[in-house]
Each structure stands twice: as C-alpha cells, then as structure tokens.
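One structure is given here, and the rest of the page talks about it.
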Amino acid sequence: MRITTSPGEQQRDQNRSSSVFCRGNSLSSTGGGGGGGAAAVAASRMAPAVAKLNYRISVSTFFAKSHPSDECCGSNGLPLTPNSIGIYGRSQLLRGDALKHENLCEYLDIVRGKHERTIIVQEYAGSPLTETFIGENNKQETLLRIGHQMLRALSHLNRNGLMCRNLEPVNVLISRDFGVKLYNYGLYYMTYGGKYVSFPIGNVKYHGPEVLLGSRENIKSDVWSMGMILAELALGCKLWENLKVSQVTRKVLSLTNTENVLEKIAREHKKLDQYEALDPALKRILEECLTVSLSRRPQPVELLGDEAFDFLRGETFRAPDPDGMTLLEKHCGSLAEIYYLWQLAGGDVQLELKKEGLIKSEAPILSLPNLVLLNGKSISPPKSQSFLHDSRIIFLNFNTLLERFSKIPEEDYLPLIYSTNSYLESPIFKTDLPLVIRERDTVYQFHRIMLLKTLLHGYPYTHDLLKSFASKDIPPPFRGHVWACLLGVVENGLYERLDKCSPTHTDRQIEVDIPRCHQYNELLSSQEGHTKLKRLLKAWVTAHPQYVYWQGLDSLTAPFLYLNFNNEERAFLSLYKFIPKYLHLFFLKDNSSIIKEYLVKFFQLIFFHEPVLAKHLHGINFIPELYAIPWFLTMFSHVFPLHKIFHLWDKLILGDHSYPLFIGIAILKQLKSTLLKSGFNECILLFSDLPDIVMETCVNDSESMYQFTPKSITYRKYALNEDPPSDFDLKYTDEDHREVQTELYPRISKYDLIRLMRDRPASVVVLDLRTNLDHKRVAIENSINIPFSSVSLKEPRLDGLNVPKLKAFLRRKVVVIVSPSHENALLFAKFLVDCHVSHVCVLNRGFEFLYRIDDKLMMQTFDYINTLAKNVPNIANFVE
C-alpha cells in the first residue's frame with residue numbers, strides 16, 4: 001500500500017527541508033498552506049535551528065447573517081440575539097471532550113469578532129485528499145481504509161447528535177501513516193443548519209439528491225457524500241469538473257431515477273473499465289453509499305459492520321512517535337493547552353488574520369446608509385467584498401512560544417509533588433505580582449498547569465495538596481474542574497436521573513429571569529446558554545422539593561455553567577454542593593429567620609472589624625437589609641461581572657460558610673471614605689449603582705479578616721456545620737438566640753479564648769470587668785482589670801480608664817471582655833467601640849463559665865490545658 005503526495009505537495013516538501021512530520025503530512029510551525037507561509041520559511045532559513053511543533057493549527061473566518069433592520073425585537077419584546085452569538089453558543093459542543101475522536105480534527109477555540117465575524121481555530125492534521133495522490137499499488141485496500149475511518153468519524157458524530165453535511169475532499173485530511181481526520185465538520189451544526197449564515201454549506205457535487213430537494217436533517221446524507229468522494233478516488237477522475245453549479249445540480253438530481261448510480265457515473269465519465277475492475281467488496285460499499293432511496297441507504301454505523309472492513313477490525317490508532325516530538329507536545333497532553341499557552345505568549349488570531357489579509361479594515365463612514373426612511377428601513381451602499389465568505393485558512397506560527405520554552409528542562413514538565421523539596425515551594429511560585437499579571441505570565445502559567453494536571457490525576461488522594469495549590473491561584477482553563485474537586489463533587493449520574501422537562505410552577509419565573517442573567521456574556525446570552533441554564537435550574541428545583549425557587553438562583557448558577565458549559569452534570573453537582581455549604585436553608589419558602597440571623601452576624605462583624613463605619617451606619621439607620629440581601633443570596637454573583645466573580649470565588653470555595661461575610665466587609669472597606677461622608681439617602685444611591693471594586697484588594701482583605709477572626713465569632717445557628725458543636729463551642733438556646741439577634745457586638749466561645757491564649761497570647765487581650773478584689777482572688781493570666789464601676793460611659797475616652805498606653809496595647813488584638821454581668825459587658829463593648837477600638841467581642845456566658853467544678857480557673861489549670869490541647873486544633877496559620 002502506498003500513499004504519496006501530489007507533485008505540488010512534493011515541491012513544497014522540498015522547500016520545507018527543516019519541517020518535522022507527525023501523523024503524516026502535517027507541517028512545521030513555520031510552514032502553512034495560508035498566505036504567510038513563505039515569509040515564515042524565509043525567516044527560518046536565516047534564524048538558528050529551532051525545534052518545530054509537529055502539529056498544525058488552522059484559523060478560518062466567516063460572517064454570520066445580520067438580522068433585517070426592521071426586526072430589532074423578538075416575540076418576547078427583548079432584543080434579538082445576534083446570529084454570531086448563536087453560532088458561538090452552539091459551537092461549544094464541538095469543543096467538548098465527548099466529541100474528541102482520533103478521526104476528527106479537534107476544535108480549539110471559537111472567537112466572536114466585530115460586525116458578526118466568527119473565527120474558528122481548529123486542528124489541521126495531514127493534507128486534504130485534493131492534494132494527495134494515491135498510487136495504484138493496493139489502491140482499493142487503501143480506499144477501504146480511508147472509507148472505514150470516515151465512517152468511524154461520521155458514526156461518532158451521529159452518536160453525539162450531529163451530522164456533517166460539509167463532507168468534501170478538501171475537508172478529508174490524510175496523513176502519511178494512512179490516518180484520516182475530518183476537518184470543518186461542525187460548520188453545519190454551529191450555524192444551525194445554515195440558518196445563521198448567508199452562504200451555502202457544503203459542495204453541491206457531494207450533496208445527496210434529497211439535500212438538493214430540501215431535506216435538512218438526515219444522517220444518511222453524509223453517507224452519500226462519502227460515496228461520491230470514494231467514487232472519485234476509485235474511478236480516478238473528478239466528477240463534472242468543468243460544469244457550472246447549476247449544471248452540477250441538474251446532474252445530481254438526474255441520478256434520482258437511476259438504479260445503479262455508480263455505474264451511471266462511470267459511464268458518463270468514460271470510466272467503465274475502472275468500474276468493472278473494482279474489487280467486489282469496494283464496489284458493494286460504494287453502491288450502498290450511493291443508493292438514492294433514503295430508506296435503503298445504510299447509516300454509517302451499519303456500514304461499519306460490513307464484512308468488507310473485516311481486515312481492519314484489529315487495527316488501532318497509532319500515536320505519534322514521541323522521539324520526533326517537542327517536550328511541549330509530549331507532556332502537555334492536548335492541543336488546547338498548547339493553544340492557550342500560545343495566546344499567553346502574545347498570540348492573537350485576529351492579528352494573524354489581518355496579517356494574511358483575511359480581515360480588512362475599512363472606514364466606518366463607508367458603511368453608513370445613504371437614506372433612512374421614516375419606517376426605519378435604510379437604503380445602504382452595496383456591502384463590501386470583505387464581508388463575502390472566504391474559504392481560505394491560515395496556520396499559526398509557534399516559534400515565539402517554542403523559543404520561550406526552549407530553556408525549560410524536561411523535569412519541569414513532570415513535577416514531583418511529594419519530593420523532599422516540594423514543588424509547591426518552588427521559587428517560580430513565590431511571586432508578589434498581581435493576580436491579573438500572573439494569569440498572563442506564560443512561564444508561570446505553564447508551571448501551574450503542569451502541577452495542576454498532576455494533582456487532578458491523583459484526586460481525591462491529592463485533595464490536601466490541591467487545596468494548598470488553589471490557595472495561591474487557579475489557572476483559568478481548569479477553574480471549573482478545580483472548584484468541583486474542592487467542593488467534593490463526584491459525578492454519579494444524579495443529574496441524568498432528574499426530571500428537567502416536566503412543567504412546574506417555577507417555569508414562568510425562570511423564563512423571566514434567564515434573559516436578564518449576565519447577558520453581557522456571549523456564552524450565557526446565546527440560546528444554548530439559555531437552554532442549559534433552564535435545565536440546571538429545573539434540575540435543582542426538582543432535586544430539592546423542600547426548597548422554592550428564589551430570584552438570584554440563576555445568577556448563582558451562571559458561574560458554574562460558564563466554567564462547565566460542556567459538562568452540565570459537573571455544573572449541577574457543583575451548585576448542589578455549593579448551596580448547602582454557603583446558603584444553607586436560604587431557599588426555604590419562609591427564610592426570614594435565616595436571612596435575619598445572617599445579616600445580624602454581618603452587622604456584628606462590621607462592628608468587630610470596622611467600628612467607626614459600623615457606628616456611622618447604625619447612627620443613620622442604614623441597616624444591611626437595605627443593601628446586603630442580594631449580595632449574600634447570590635454570593636455576589638448578581639453584583640459583579642463573571643470575571644470578577646471567578647477570582648472572588650477562588651478564595652470563597654476554600655473557606656467555610658462564614659467567608660462571604662468577610663467579602664461583604666471588604667467591599668464596605670473600599671467604600672468607607674464615601675460612606676462616612678454620606679447620609680441615608682446618599683448611601684441608598686451609592687448602593688443602587690455600586691462603584692467599581694478592586695477585586696484583588698477585596699480578596700486580600702477578606703482573606704486577612706477571615707484568618708484573623710476567631711471562628712466562634714462567626715457562629716450561626718442555621719449554618720450547616722460539618723461537626724456538631726462541642727461543650728466549648730457556642731451553643732445557643734432559643735432564648736440565647738433571641739438575645740444575640742438584638743446585640744451589636746459578637747460573642748466569643750470559651751473554646752476560642754483558650755485556643756488564643758495557648759497558641760497566640762500576643763494576639764489577644766482580656767479585659768476583666770470584675771472588682772479588684774475578685775480579680776486578685778482569681779484571674780486569667782495577663783488579663784487587665786478594669787472594674788466596671790470605675791468606667792464613665794458618658795465620656796468615651798480610653799484615658800479615663802487609668803491604664804497606661806491602653807490604646808496602643810489594644811491595637812490589632814482580639815479584645816475579649818470578661819464580666820460576670822453580660823449587660824455590663826455589652827455596655828463596655830459599646831464604650832470601646834465609641835473609642836474607635838476594633839476587634840471587640842464578649843465572652844459568652846461571662847467569667848463564671850471559665851470555672852471548673854473544683855472552683856479552679858480553667859485557664860490556670862496546667863494539666864487541664866494539656867488535656868484540652870489534644871482536642872483543640874492548632875491555629876498556626878493565625879495571622880494578625
């Protein structure tokens with residue numbers, strides 16, 4: 001069996017003496033069938049030899065059809081979605097893992113440009129059949145091999161609900177080792193059967209008669225197209241080569257009255273001898289493919305079972321030889337990762353298209369209409385030629401990326417995460433650069449991706465290391481998967497079993513909310529995005545009959561859908577785990593008590609961390625109910641755009657149920673200067689149109705406050721606690737809970753006080769309000785005695801307490817007020833807050849709660865503390 005390239009291809013091969021081939025005729029990164037290949041080859045001759053990428057990645061572009069000028073709104077009164085957004089949404093399926101196959105070129109990216117432009121980035125493996133010469137030696141066996149692989153590709157598309165309808169020789173790529181890959185097979189699907197574009201899809205010559213007669217959806221049409229392609233190869237001629245499109249159409253339609261289409265084509269092209277010389281098995285396959293009757297024409301999966309392909313049953317796809325591959329290809333694992341790194345290294349597909357002349361810039365004034373009528377219709381000049389469909393493709397140049405990675409040793413591609421010198425402590429990761437810069441740093445992201453892939457392959461055994469990894473940052477392409485792992489998601493088929501179709505009483509509200517949910521985002525504004533979001537919301541409502549649908553659930557679901565657009569089950573299970581962790585009981589029909597408790601705790605924490613701001617807001621009666629409910633009900637996803645939510649939730653998912661409270665305080669901190677100068681009405685206006693928030697500052701501030709705050713201060717009765725509270729935790733009775741709801745200053749548990757005194761005594765100060773006599777009799781070590789009777793509450797001055805340098809001593813410490821009277825403790829807490837002292841809290845149940853039965857103070861009983869230390873976790877990560 002022999003496959004050789006055409007004379008033109010042989011000449012190009014000679015011009016590319018430095019090219020490295022893999023999987024057949026694939027070209028080097030400097031070569032290309034597009035317009036810029038020659039310049040790149042010339043440059044490579046002058047430059048020192050650089051390792052070449054053995055894969056080709058192609059870029060093509062076309063325009064979506066614009067809506068008529070008199071159709072601006074749909075039947076629901078909302079603006080019509082541009083067709084380019086429809087293409088963008090449908091094309092995401094082509095990028096999914098489910099569609100990957102050894103006989104299909106992988107779709108890597110779809111970019112939506114200006115003026116309804118769509119750009120397709122796709123793998124290009126091999127050379128098209130139009131440029132490949134097949135020798136006569138074992139030719140018929142070769143054709144069966146090609147046909148078998150085409151059928152495998154078509155069968156895989158059919159299993160995933162797709163059909164090609166764009167099958168022609170230029171879209172069938174063949175390599176030197178006889179591998180076949182279909183190219184541009186998703187154009188028909190992404191354009192909604194051609195409805196979204198103004199040009200026809202496919203070549204009339206290879207369309208089945210039923211397609212020309214108006215049939216739109218039939219997977220057997222691809223079988224006819226394959227038969228026509230193989231017939232050309234078998235007969236050794238191009239069918240109806242010099243005829244016009246209209247004449248070709250008539251020729252194809254004339255075949256509808258023919259019993260043996262293949263024989264008629266052979267006679268018409270004077271190839272009857274070649275027809276009669278065909279191997280019976282190949283002839284039978286071709287005649288079955290070219291059966292006019294759709295009912296008798298087999299499907300791809302049926303043809304695969306034909307005995308003609310028995311000699312291919314045991315063959316498997318041969319992977320490329322790793323000896324001829326670059327380190328990037330050998331260890332990155334996928335073209336998508338290489339393409340992502342190429343983008344970080346400065347690659348821009350739109351710029352590449354402009355260089356090759358596939359994108360032409362014109363003065364906007366030339367597109368203005370000549371005349372606009374009163375009814376809204378416009379008379380415009382003829383559309384520019386640049387808007388016509390251009391089937392040319394270009395190939396990306398990877399030299400810059402490979403040069404940048406040429407000095408990275410191979411061991412960096414295979415990080416040893418359990419080595420003595422932990423890879424996590426590598427100097428590469430010890431950088432203080434802002435997150436937005438780190439996400440654009442090619443080498444940094446490369447190392448993060450290599451490490452993350454290792455950790456994900458070892459999950460769940462690497463859960464702790466993955467959590468440590470994510471605390472630094474998460475590479476954007478893997479964010480959805482990492483979130484799912486951190487939330488403990490295990491895909492178990494639950495989503496598939498849920499009813500997502502039956503009508504429910506929430507459907508109307510869902511349909512109203514979805515068209516308003518993050519519609520600035522191209523993916524979520526597409527029809528596919530709307531459909532998937534509706535399915536997810538209906539599935540969640542079905543899975544939680546005890547809850548109701550509240551507005552905001554759509555915004556809460558949107559980040560998970562965006563990051564897992566091709567994996568709805570992972571998106572659903574991430575939401576399924578996320579809500580109980582952070583929004584436990586929030587979606588009850590009567591959630592007033594849960595919301596009230598949450599907002600009370602939020603206000604208490606504002607007093608704890610920002611007493612000056614809290615006092616001002618309390619003074620003007622600007623309570624959290626007026627602004628914070630949308631924050632917490634949607635975990636800020638209704639407040640911020642998605643790109644900010646991603647960075648915020650990267651930290652949120654690492655924290656417990658209390659973390660969102662600190663995000664809220666961090667937002668208030670950035671608005672502090674404005675809020676302190678504002679009255680009630682000004683605050684209302686400020687939060688109705690929230691100013692821009694610096695997200696990295698918000699994340700850092702919330703993380704700092706979260707680590708500093710004792711956990712019991714954030715205790716909520718209605719939170720979902722992983723472990724039941726112990727004797728040393730806060731455990732409120734119903735009466736206690738009602739009292740706490742009326743207080744402005746948080747309580748701290750005995751558990752946390754002991755832990756702070758044991759682990760970080762320099763970070764806590766205890767103010768004892770008992771009398772001097774009681775304090776001398778028994779007291780907490782290093783506590784400061786300030787008898788409550790000596791405090792003048794009318795004059796909030798720390799100097800009046802007669803404790804030298806008290807203000808400086810209290811700075812950046814947790815101030816715990818201990819008193820036998822809880823009312824006195826609250827009054828003194830108010831006194832300290834009026835003095836602008838931060839981090840003030842009250843010991844729950846007062847001083848007597850620290851006594852044991854033998855009338856000894858717990859904190860002074862050495863043997864008791866040693867016993868307790870075995871059960872109380874260390875707070876070595878506690879930061880000031």
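The values are calculated or read from the model by the stated rules, or taken from the named source; none is laboratory data. The structure presented is a predicted model; accordingly, all values stated were derived computationally and were not measured. Cβ placement follows ideal geometry from the backbone for every residue including glycine, while neighbour counts extend to all protein chains displayed. Note: areas computed on protein heavy atoms with side chains; ligands, DNA, RNA excluded. Shrake-Rupley method; radii C 1.70, N 1.55, O 1.52, S 1.80 Å.
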FRET efficiency for residue 414 and residue 521, using Cβ-Cβ distance with R0 set to 41 Å, rounded to 0.05
0.65
Taking a cut-off of 19 Å between Cα atoms, list the lysines near residue 270, but don't count ones fewer than 8 places away on the same chain.
205, 238, 251, 283
Please list 3J(HN,Hα) in residue order for region 162-177, calculated via the Karplus relation 6.51 cos²θ - 1.76 cosθ + 1.60 where θ = phi - 60°; whole Hz, with x for glycine and proline.
10, 9, 7, 6, 9, 8, 7, x, 5, 9, 10, 9, 10, 10, 5, 9
Contour minus end-to-end for residue 295 and residue 618, with contour as 0.36 nm per residue of separation and end-to-end as the Cα-Cα distance?
108.6 nm
Phi to ³J(HN,Hα) by Karplus 6.51 cos²θ - 1.76 cosθ + 1.60 over region 701-712, Hz, x for Gly, Pro
5, 5, 5, 4, 5, 4, 6, 7, 7, x, 5, 5
Of the listed peptides 138-150, 447-459, what is their order by residue-averaged count of other C-beta atoms within 10 Å, with the highest listed first?
138-150, 447-459
Please give the peptides 184-196, 555-567, 96-108, 682-694 ranked by average Cβ packing (other Cβ atoms within 10 Å per residue), highest first, as a rough proxy for protection.
555-567, 184-196, 96-108, 682-694
Cα to Cα, under 22 Å, and not fewer than 8 places away if on the same chain: which lysines meet these conditions relative to residue 813?
601, 615, 669, 672, 711, 750, 805, 830
Sort 262-270, 834-842, 117-125 for me by packing, meaning the mean count of neighbouring Cβ atoms within 10 Å per residue, highest on top.
117-125, 834-842, 262-270
Just check region 650-694 against the gyration tensor rule for me: Cα atoms, a ≥ b ≥ c as the square roots of the eigenvalues, rounded for a/c under 1.5, and otherwise prolate or oblate depending on whether a/b exceeds b/c.
prolate
Would you work out what percent of the accessible area of region 768-808, with all protein chains in place, is carbon or sulfur (probe 1.4 Å)?
50 percent
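Given only helices, namely DSSP H runs of n ≥ 4 each adding -39500 (n - 2.57), what is the per-residue ellipticity at 222 nm of the chain, to the nearest 500 deg cm²/dmol?
It lands at -12000 deg cm²/dmol.
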What FRET efficiency comes out for the pair residue 688/residue 114, r = Cβ-Cβ distance, R0 = 30 Å, nearest 0.05?
0.40
Pull out the extension gain between residue 247 and residue 159, defined as 0.36 nm times the separation in residues minus the alpha carbon to alpha carbon distance; nm, one decimal.
28.2 nm
Would you mind getting the accessible area per residue of region 384-538, heavy atoms of the protein chains only, 1.4 Å probe, in Å²?
52 Å²
As an exercise, use a Förster radius of 25 Å and the Cβ-Cβ distance of residue 681 and residue 834 to find the FRET efficiency, rounded to the nearest 0.05.
0.50
Given labels modelled 7 Å from the Cα in the Cβ direction, how far is it in nm from residue 812 to residue 315?
7.1 nm
Crossing angle, helix 642-652 versus the chain [Cα axis fit, 0-90 degrees, rounded to tens]:
50 degrees
To make sure I understand the rule: partners must be lysines, Cα under 25 Å from the Cα of residue 377, and not fewer than 8 residues away in the same chain. Which ones qualify?
65, 114, 195
Output wanted: per-residue J couplings in Hz (rounded whole) for region 824-829, from phi through Karplus 6.51 cos²θ - 1.76 cosθ + 1.60, θ = phi - 60°, x for Gly and Pro.
5, 5, 5, 5, 6, 4
Quick check: Cα centre of region 750-777 to Cα centre of region 87-124, how many Å?
63 Å
Computed over all unlike Cα pairs, the Kirkwood hydrodynamic radius of the chain in Å stands at 32.3 Å
In whole percent, what relative contact order does region 504-600 give with Cα contacts below 8 Å and a gap of six or more residues?
25 percent
Report the gain in length on full extension from residue 406 to residue 504: 0.36 nm times residue separation, minus Cα-Cα distance, nm rounded to one decimal.
29.5 nm
